[in-house]
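To start, the structure itself, in structure tokens.
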Amino acid sequence: MKDHHNKHVSAVVDHPCVPLYFADAMHQVLSAKGWFTLSRPMLAGMTALCFRLSVHRQLHPDSATAYNWAAEHYVAADLIGIIASQGAGFNFSPTFPLYQRQAITAIRQSLEQGTGVVCWKDRFVVITRCDDERQLFYYRENTSAAELELPYDQFGRNESPYWYGQIYEGQIRKDIVQVIRESFIQAVYKAEVHDPMLPEAHYACGLKAYDAMLEALADKTYDTAGAYETLIFYAGLKQDTAAYAREACQYWPEVDGVAEHYAALTAVYNEITVTLNKKPVHAPAAPGSIDADSLLPLLREAKRIETAAIQSIRHLLREPIENRFHDIGLR
């Protein structure tokens, strides 16, 4: 664990790494298959993936990927009518070799049918093809990146202790307006409900994540590299959210007011990005390398705008939301 931490710090000094999020990989597979023909922000929004906000209370680098993958990714596929199966677990488990063999077989079968597979390789990547003779998978970190090799016997053996894969098996046509409406209901759920997989003592979710970020920055208890990665990552998500809300207006004009809130939110996150990039990011032991004092008012404004956005969604969809009583996420 210590070696991994030192390796991470070294990388941060040269160039802070921003995680590739699941919607990027999912869109890469589905668009290649012809099962999703709209833009990546539309996928990020219709699956509700861009509405997620969860952070470690000291803004550790895992904030961007700290959530219940199995649950959220299954719901993401289901929301847009994609039939999916998935597997996940810890690679230190005694049963991992059995799951690994089964996963390799399932991935090869999917690739034979011309469908890429999203998996975890210390970030979400897409397995694009395989070579049985050489016992290799080939994967890409994004559509423009070169293919990299992954030996079969190394599948799931990552620096992080997790393995994960999602396989897409088919498509059910859905009404786009109904999908958009449901995605905004899910946005309210993600803003107001804590992910039960994350201990509240260490993580904050939804709108409460802003309070955790503000506290960490004000008290200087944040991880510098993690704070940079977390805020840059969520700045990207807010851009997707704004683009999605804007495009969704073409199908459901009533969402125009919500789109205005997210456009304003993106403008604030653009200022956050500029502020972060004014100073170089050094190792986590140097909290002064981030201008926390300048970030605090920006995050307070972001919290105000995003709260207003959620309130406007609640008003727009008050009947279906109220009909779900205490479980907004129930579909």
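Given the conditions (1) part of a strand (DSSP E or B); (2) of a type in the set (A, V, I, L, M); (3) touching a residue at least 60 places away in the same chain (Cβ under 8 Å), and given that Ile127 satisfies all but one, which numbered condition is not satisfied?
Condition (3) is where Ile127 drops out.
Of the conditions (1) under 23 Å from the mean Cα position of the chain (by Cα); (2) open to solvent by less than 20 Å² (accessible area, probe 1.4 Å); (3) of a type outside the set (D, E, K, R), Thr128 clears all except one; give me its number.
Result: Thr128 fails condition (2) only.
Considering only segment 64-86, I want to know if a residue exists there that is assigned to a helix (DSSP H, G or I), under 17 Å from Gly236 (Cβ atoms) and modelled with pLDDT under 95.
The answer is yes, given that some residue of segment 64-86 is assigned to a helix (DSSP H, G or I), under 17 Å from Gly236 (Cβ atoms) and modelled with pLDDT under 95.
Kindly check whether there is at least one residue in segment 204-221 that is farther than 13 Å from Leu59 by Cα and either among the hydrophobic types (A, V, I, L, M, F, W, C) or open to solvent by less than 40 Å² (accessible area, probe 1.4 Å) (or both).
yes
Here are some residues: Glu182, Glu229, Glu215. Which one is acidic (Asp, Glu), farther than 18 Å from Ile290 by Cβ, in contact (Cβ under 8 Å) with a residue 12 or more places away in the chain and in a helix (DSSP H, G or I)?
Matching residue, one of Glu182, Glu229, Glu215: Glu182.
Collect the residues in segment 161-184 that are touching a Leu at 6+ places or on another chain (Cβ under 9 Å) and open to solvent by less than 40 Å² (accessible area, probe 1.4 Å), keeping them in residue-number order.
Tyr168, Val179, Glu182, Ser183, Phe184
Return the residue satisfying two criteria in turn: it lies in segment 185-203 and is of a type in the set (A, V, I, L, M, F, W, C) and touching a helix residue (DSSP H, G or I) at 6+ places or on another chain (Cβ under 9 Å), and of such residues it is most open to solvent (accessible area, probe 1.4 Å).
Among residues in segment 185-203 that are of a type in the set (A, V, I, L, M, F, W, C) and touching a helix residue (DSSP H, G or I) at 6+ places or on another chain (Cβ under 9 Å), the one most open to solvent (accessible area, probe 1.4 Å) is Met197.
In segment 222-235, which residue that is of a type in the set (Val, Ile, Thr) and under 20 Å from Cys50 (Cβ atoms) is surrounded by the fewest Cβ atoms within 10 Å (Cβ to Cβ)?
Ile232
Answer yes or no as to whether Arg101 is of a type outside the set (A, V, I, L, M), open to solvent by 20 Å² or more (accessible area, probe 1.4 Å) and touching a Cys at 6+ places or on another chain (Cβ under 9 Å).
no
Return the pair list, or none, for Cβ contacts closer than 7 Å from residues in segment 236-252 that are open to solvent by 30 Å² or more (accessible area, probe 1.4 Å) to residues that are assigned to a helix (DSSP H, G or I) and among the hydroxyl-bearing types (Ser, Thr, Tyr), at least 6 apart or on different chains.
Close Cβ pairs satisfying both conditions: Gln239/Thr266.
Please work out if Ser110 is more than 16 Å from Ile167 (Cβ to Cβ) and either of a type in the set (A, V, I, L, M) or surrounded by 12 or more Cβ atoms within 10 Å (Cβ to Cβ) (or both).
no
Could you list, in sequence order, all residues of segment 278-328 that are in a loop (DSSP other than H, G, I, E, B) and modelled with pLDDT of 90 or more?
Scanning segment 278-328 gives Asp291, Leu317.
Which residue out of Thr221, Thr273 is in a helix (DSSP H, G or I) and among the hydroxyl-bearing types (Ser, Thr, Tyr)?
Thr273
Quick one: in segment 52-63, which of the residues that are assigned to a helix (DSSP H, G or I) and open to solvent by 10 Å² or more (accessible area, probe 1.4 Å) is farthest from Ala106 (Cα to Cα)?
Applying the filter and picking the extreme gives Pro61.
Considering only segment 133-160, state which residues are part of a loop (DSSP other than H, G, I, E, B) and surrounded by fewer than 16 Cβ atoms within 10 Å (Cβ to Cβ).
Answer for segment 133-160, where residues must be part of a loop (DSSP other than H, G, I, E, B) and surrounded by fewer than 16 Cβ atoms within 10 Å (Cβ to Cβ): Glu133, Arg134, Gln135, Asn142, Thr143, Ser144, Ala145, Ala146, Glu147, Arg157, Glu159, Ser160.
The values are calculated or read from the model by the stated rules, or taken from the named source; none is laboratory data. Just so we're clear, the structure is a prediction, and the values are computed from it rather than from any experiment. For neighbour counting, all protein chains shown are included, and Cβ atoms are generated from backbone atoms with ideal geometry for every residue, glycine included. Quick note on the areas: whole protein, heavy atoms, side chains included, nothing else; ligands and nucleic acids left out. Shrake-Rupley method; radii C 1.70, N 1.55, O 1.52, S 1.80 Å.
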